[in-house]
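What follows is calculated from the coordinates using simple rules that are stated; it is not laboratory data. Since this is a predicted model, take the numbers as computed values, not measurements. Please note: Cβ atoms are built from the backbone with ideal geometry, for glycine as well, and neighbour counts cover all protein chains shown.
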């Protein structure tokens, strides 16, 4: 799923990361330091399963990284993009009961992120990005990049 989301996000200069990279508090601390180095507020957009594990991963990641970022002078927020209850209803996604072996608190049916059709998930991410984007500033940066690219290519000839 990360490569698919990466194709959408890369157009905007946004990095997609798979959650497997945050297996320890050290990983979360290092991520918080990277975000703090950006010297501007950062919003992390999260896609995950609607189940006890997905909810726990999102909450633990948001809580730990936010606390670490604040400690090192960063400003980070987390937003859950998918899978939400509203999306389960809207797209009539398949659900299943929580695993009986998972004792974490969770109400209702579960749903895997992969249940969202790829085009729908891509559009959810694209809309989340463009809703947060200053389009005029983005277009200015793209024009500047094209000018610089032309100047570099001209010098290489």
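Report P(r) for the stretch 4-93: all Cα-Cα distances, bin width 10 Å, range 0 to the bin holding the largest distance, values in whole percent.
Pair shares across the bins are 16, 45, 32, 7, 0.
Normalised by the number of residues in the chain, what is the relative contact order in percent for Cα pairs under 8 Å and 6+ residues apart?
Details: 163 pairs, mean separation 37.0, N = 157.
About 24 percent, as a whole number.
Calculate for the chain the 222 nm mean residue ellipticity that helices alone would give, adding -39,500 (n - 2.57) per DSSP H run of length 4 or more and normalising by residue count, nearest 500 deg cm²/dmol.
Numbers: 6 runs with 85 residues, N = 157.
It comes out at -17500 deg cm²/dmol, rounded to the nearest 500.
Kirkwood hydrodynamic radius, the stretch 43-108, all distinct C-alpha pairs: what's the number in Å? Intermediate values should be presented prior to the final figure.
Values: mean 1/r = 0.0751 Å⁻¹.
The answer is 13.3 Å.
In vacuo Debye scattering of the chain, one point per C-alpha: log10 I(q)/I(0) at q = 0.12 Å⁻¹?
-0.64
In nm, what is the difference between 0.36 nm times the number of residues separating residue 154 and residue 103 and their Cα-Cα distance?
Working: separation 51, 0.36 × 51 = 18.36 nm, distance 6.32 nm.
Here the answer is 12.0 nm.
Taking the mean number of other Cβ atoms within 10 Å as a proxy for protection, how do you rank 47-57, 127-137, 65-75, 87-97 from highest to lowest? Please list the in-between numbers first.
Values: 47-57: 18.7, 127-137: 11.2, 65-75: 16.9, 87-97: 13.6.
Top to bottom by mean Cβ count within 10 Å: 47-57, 65-75, 87-97, 127-137.
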